[in-house]
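A short worksheet on the structure shown next.
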Amino acid sequence: DKYKDGLTKTRSSFSSKINDLVAKYRKVDEDFFEDLEEILISADVGVSTVMDLIDELKLEVKRQNIKETTQVKEVISEKLVEIYYGDDDEAVEELNLQKDQLSVILFVGVNGVGKTTTIGKLAYKLKEEGKKVVLAAGDTFRAGAIEQLEVWGERAGVDVIKHSAGSDPAAVIFDGIKAAQSRKADVLLCDTAGRLQNKVNLMNELTKVKRVIEKEIPGAPHEVLLVLDATTGQNAMSQAKTFSAATDVSGIVLTKLDGTAKGGIVLAIRNELEIPVKFVGLGEKITDLQSFDAQAFVFGLFA
Ligand code: GDP
């Protein structure tokens, strides 16, 4: 079970609450569903996701003529997976990587969510898979961001392209592309600044960066990954809304799942924003990044 250590908090809180619920009610009735609703909402699954789920569960319970609460557990996990997948049955949302040209991945997200750490972890992961990776230090705004990315570059054993603090992020990323191409790299991971205070600036900066990338490599960036901190719950949801309004977000990395008992946020993000979660962060180490697999995740909650 690949989420074993990172999901301990969510798992123990969630499965013990469900077990208590099953023991308390025995018979499936309105009160049972009401309590279940509360448990799911408190795990950050998201109110509208929970409403959908409860409706689905009630139908399924009727259809299968289920009377005992002990029989409901399995239906809950099946429906949770179904809600996450929707109509598509892909098990894991893969990164969109190009076969014979440079793939460019842009990282966006507010300060402190774990963007730099995630870039370092992903660089390491891709390198382990045999790919040549270059990093571009496009967060020229936050003090220390460039140095921090260099530290991760060193840990992962990949090159970092940088300019001095305060310089134009689009110029850094342009140089990153040129360097990555001349070094015959497979993937360029681009950091960006994470200020949200001024949404117009954020949007302008991301638009400019994307224009530069697109001009050099038609069809790029191949991914725009939004990094969100799972411990911030509804705040993460509102950041996701702001960023997807500013730019096309192709996937989400949900960090610090190890630090919360509310791992249900993963399902809420998928269901309410319809953006795939591509990776989850399960700790501070370079190896603590996992591709996200909804089925393994949900079954892990009930283990
Ligand atoms: P940035 O400002 O978005 O670049 O955030 P950083 O990468 O500097 O990370 C902020 C803090 O979050 C650091 O202390 C990281 O070690 C920590 N962090 C990042 N990802 C994870 C994770 O998946 N789990 C835990 N527990 N901590 C994380």
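Taken together, the values in this text are just the output of simple stated rules run on the coordinates, not laboratory data. The model shown is predicted, which means the values in this text are computed figures rather than measured ones. Methodologically, a virtual Cβ is constructed for each residue, glycine included, from the backbone with ideal geometry; neighbour enumeration extends over all protein chains shown.
For helix 199-216, what angle does its Cα long axis make with the longest principal axis of the chain, in degrees from 0 to 90 and rounded to 10?
Approximately 60 degrees, to the nearest ten.
Restrict the search to the stretch 103-201; then list the GluC sites (Glu not before Pro) that DSSP places in a loop and that have at most 15 other Cβ atoms within 10 Å of their Cβ.
Qualifying residues, ordered by number: E129.
So, in Å, what gap is there between the alpha-carbon centers of the stretch 187-207 and the stretch 1-54?
Cα centroid to Cα centroid, the span is 37 Å.
Would you calculate the separation in nanometres between label points at K24 and K184, each defined as 7 Å from the Cα along the Cα-to-beta-carbon direction?
6.3 nm
Pop the C-beta distance of N96 and S48 into the FRET formula with R0 = 22 Å and round what comes out to the nearest 0.05.
0.20
Have a look at the DSSP beta bridges in the chain and tell me what percent are antiparallel, nearest 5.
Rounded to the nearest five, the antiparallel share is 20 percent.
Angle, helix 115-128 long axis vs. longest principal axis of the chain, Cα atoms, 0 to 90°, nearest 10?
Orientation of helix 115-128: about 80 degrees from the principal axis.
With a cut-off of 8 Å between alpha carbons and a minimum separation of six or more residues, what is the relative contact order of the chain in percent?
It rounds to 28 percent for the chain.
Which of Y124, Y85, Y25 moves most in a GNM of the chain, Cα contacts under 10 Å?
Top of the fluctuation ranking is Y25.
Suppose a student asked you for the relative contact order of the stretch 1-137, using Cα pairs under 8 Å spaced at least 6 residues apart; what percent would you report?
17 percent
To the nearest 10 degrees, how steep is helix 145-156 against the longest Cα principal axis of the chain, on a 0 to 90 scale?
The answer is roughly 80 degrees.
Under 8 Å for C-alpha pairs, at least 6 residues apart: give me the relative contact order for the stretch 241-282, rounded to a whole percent.
Over the stretch 241-282, the number comes to 52 percent.
For the modelled label position 7 Å from the Cα of T70 along Cα-to-Cβ, which residues of the stretch 11-32 have backbone nitrogen atoms closer than 11 Å?
Under cut-off, by backbone N: 23, 26.
Going down the table (K241/K262; K184/K262; K199/K256; K262/K285; K210/K262; K99/K262), which pairs top 30 Å between alpha carbons?
K184/K262; K210/K262; K99/K262
Would you mind pulling out the separation of the Cα centroids of the stretch 243-258 and the stretch 104-125, in Å?
Value for the Cα centre distance between the two parts: 11 Å.
So what is the 222 nm mean residue ellipticity for the chain from helices alone, if each DSSP H run of at least 4 adds -39500 (n - 2.57) and you divide by all residues, rounding to the nearest 500 deg cm²/dmol?
Value at 222 nm, helices only: -16000 deg cm²/dmol.
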